Amino acid sequence: MSATTSPADSSTATGGPTTTTTPTTSTSTAAATVTNAIVKTVEAIISSTAPAASQSPSPSPSGFSTPTQSPTSSSTPTTTASMGGPEEKLSVQDLSQTLQHFGVVDYLVFIAMLAVCAVIGVYFGFIEKKQKAKKKGQLAGKDGAGAAGVEERRGSEALDYLVGGRQMKVFPVALSLVASFVSGISLLGTSTEIYVYGTQYAFILVTLAISGAISWYIFLPVFCNLQLTSTYEYFERRFSRRMRLFGAALFVLKAIVWLPIAVYVPALTFNQVTGIGIHTITPIVIVICTFYTCVGGLKGVVYTDVVQSVIMYGSLIVIMIKGTLDLGGFGVVWRRNREGGRLNTPDWTMDPTVRLSVFSVFVGGVIFKLQSTSINQATVQRFMSLPSLKHIKQTLYTFSIGLILLYCGCIYIGLVCYATYYDCDPMSTGLAGRRDQLVPLLVMRVLGVVPGLPGLFVSAVFSAALSSLSTLLNSLSAVILEDFVRPKMGKSMKESHVALTMRLVVIIFGISSIFMVYVVEKLGMVLQLSATLQSSLYGPMLGVFTVGMLMPWVGEKSTFVGSICAFLTMAWIAVNAQIANVTGSFRHKKLPVSVGNCDYEFDMNRYLNSTSEQEHHSGSSVYHVSFLLYAMLGASLTIIIANLATFVFGRQDVKDVDEELLAPFVQRYLRKNKYYEGVELKKRTNNL
C-alpha cells in the first residue's frame, strides 16, 4: 500500500469535510462508551459496543480493531452495527482521552523515581557531610592539626560541591555524562526527527567517535593539567579577564534559555499520557530537581544520573521490543520504513542550505558534537571530578559507547513509530498536537495495556530532563562562583559565603526557568531549537579555545574582536532562522505521510494544510544554512577574524604563552625551537 494519500483522494478518506454522520446511539450508551474507553484499549471499546455484530472485526492497518465496513461506508464516518443502525466513530478528542490512562501503578513508579532522586540528594547533602565531619574530628584527635588540615582542604565546600573532591569513580561519571548529554530533548526529539525526516540524522553517530578523539588529543589534556573548575578560567590565563567574563556571560545566557527547553519536553510527555497541563507539572519537576541539586552538589547529581540512566536504558529496551513484536517483527518495521522513504542517507551535496547533507552531517556534525564534549562547562566539570588523566580516558571511552547505544535506541524507536502510524499520521489528524508528542502517543499505544510501563517511560523522559537540568544548574553555580563572585570578594570570602552563593544560584535559576517555559513552547521543534541555540553560542567559544590552544601567535585583542564578531553574526543568523521557521517563509521538506486508513474522525482540512509542509520552500540566505553547520560557522568566523586581526594588533610572541595552555602536540612542535618540559599530568592540587 502506498504510504501517501494524494489531495485528490482526500474527499473519500475517512474524516473528510463533506462526510456526514447519523448517530443513533443514546446519550447513556455514548457516555458508557467513553467511560470504558478510559480503562480499556480502543479494540476492547469497539468490540464491547457491538458484542453481537453480524460481521467479525478485522484488524485495521492503523492499529485499532474495527468492524468490517460495507463497500459504500468508506466515505462516511460510520460503521454498521448488528442492530442495523450506524454507530458514530470516536473523534480525535475522544480517542486522545482513551489513551490518557495513567493508572495508580504508573503514578507509583513515577513517584518512586522522584523519591529516589530526592533521597540521594539528602544523603550527599546531609548524611555524608556529617560522616566527613566526624572523620575530620577523628583525624584531628589522632594525628593533630596536620592531617585534619589536609582533609579540610580536600573537603572544602566548593571543591566538594562542584567537583566531588576530585575523587569520583569512572563508571558513575560516565553514566552521568550520558544522562546529562542525552536529555529529554534527545529521547523524544531524535525519534521524532527519524519519523519526520528519515534516518539521515542517524549518521551523526559516526561523528561521536571523531569528536571524542579530538577531545582526547587537544582539549582534555590541557584542562586536566590546569585542574580548572570553571573552563572560562582558561580565558583569563591565556588572554585576559574580559575574555573570561565574556565567555562566562555567554554560558549564563545559554543556560537561561536552555533550562526551560530541557523541562518542557517531559512536560509534553506528561500532558500526552495524563492530560495534566504543561504548566501544572513544570513547577513540580523544577522544584524537585532544584532541591536535590541544591543540597547534594555534584555527587548528588552524578549518582541520581546513574539511577536515571538505568531507567532510560530500561525504558527504551521495553519500547523497542514490545513495539516490534506488536507490529509483527523487525521485517515489518524495516519494510514499512523502506516503502515510506524513511531509510535514507544524507544528501550528496555541498549546498549548506540542505538540512542534512553529507557535508553538514560529517563535517558540521563533528564540530557540533565537539563543542558539546570538549569545552562544555558541564562536561569538563565532570571530567575534572576524576583523579587523573587515565581515569578521564576510561570515562571518555565508556561515555562514548553508552551515548552511541542510547542514540541507537532513540533512532530505532523513531522507525517503530513510523511503522506503527505509516498509514494514519497522528500529526495530520491532530491526535498528536505537536511533533514531540509522537513518541508518548506510541508509548501509550504499545505499553498502555501493561500497568506500570507507561509510568516507566514517563520516568525515563523525566530522568533525562532532570539529569540535564541538575547538571546545568550545578555548572551555573560553578561559573558564577568562580568567574563572577570569588574574583570580587577574594580571600575575604568564607566557606559559609561559598555555600550560600552556590545554593542561591541553583535556586534562582531553577525557579526562573518555570516562567521561561511559556516562551519555549512557541518556538517550534525542540531538537532543532536546542541545536540552533547551543551551536550559535558555543560555536564562537569553541573558536576561542581553538585559538588559545593551537595558535599561540594570536593575542588577546585579536581573539576578543574575533569572538565578538562571530557571536553577533551567529546571533543574527539564529534569530532570523527561527523567524523564518515560525513564519514558514523557509521550510525544509518533510517526508510524505498518509491518513488513508484512519478509523476515527478528524478534520480533513488539517491534513490538507499539513501537506504544504511536504513542499520545499527554498532559500539562499545565510540564515537558511543547516543547523548542524552553526557550530562550525561560529568557530570558523572566530578563528579567521582573529587571525586577520593580528595584522592590525600585531602577532603575539610565542615565548610569552605559558606552555601549559597549549595542546600537547603544539608543545612538542615548539620544542624543536625552544625548550619545554614534558607534557605530563600535574599532581592534583589542594585548591581550586
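The values are calculated or read from the model by the stated rules, or taken from the named source; none is laboratory data. Computed from a prediction, not measured in an experiment: that's the story for all the values here. Heads up, the Cβs are rebuilt from the backbone with ideal geometry, glycines too, and the neighbour counts pull from every protein chain shown. Accessible surface is based on the protein model in full, side chains and every heavy atom, while ligands, DNA and RNA are left aside. Shrake-Rupley method; radii C 1.70, N 1.55, O 1.52, S 1.80 Å.
List of remarks:
- For the range 155-230 versus the range 266-281, the inter-centroid distance based on Cα atoms is 28 Å.
- Accessible area of the range 271-333 belonging to carbon and sulfur atoms, whole % at 1.4 Å probe: 79
- Cα gyration tensor category, rounded, prolate or oblate, for the range 214-346 with a/c compared to 1.5: prolate
- Overall form of the range 446-489 per C-alpha gyration tensor (a/c, 1.5; a/b vs b/c): prolate
- Residues whose amide H comes within less than 5 Å of that of Ser357, counting only those at least five positions distant or on another chain, are Asp347 (H built at 1.01 Å from N in the peptide plane).
- Over 21 Å (Cα to Cα) - which of Lys132/Lys299; Lys130/Lys393; Lys129/Lys299; Lys169/Lys393 fall in this group: Lys130/Lys393
- Ranked by how many other beta carbons lie within 10 Å on average, peptides 213-220, 467-474, 440-447, 299-306 from highest: 467-474, 299-306, 440-447, 213-220
- Summed side-chain charge close to Glu128 - residues other than Glu128 whose Cβ falls under 10 Å, Lys, Arg +1, Asp, Glu -1: +3
- The range 244-261 - phi-based ³J(HN,Hα) in whole Hz, Karplus 6.51/-1.76/1.60, Gly and Pro as x: 5, 5, 5, x, 5, 5, 5, 4, 5, 4, 4, 5, 4, 7, 7, 3, x, 5
- With DNA, RNA and ligands ignored, accessible area of Asp658 (1.4 Å probe; Å², nearest 10): 80
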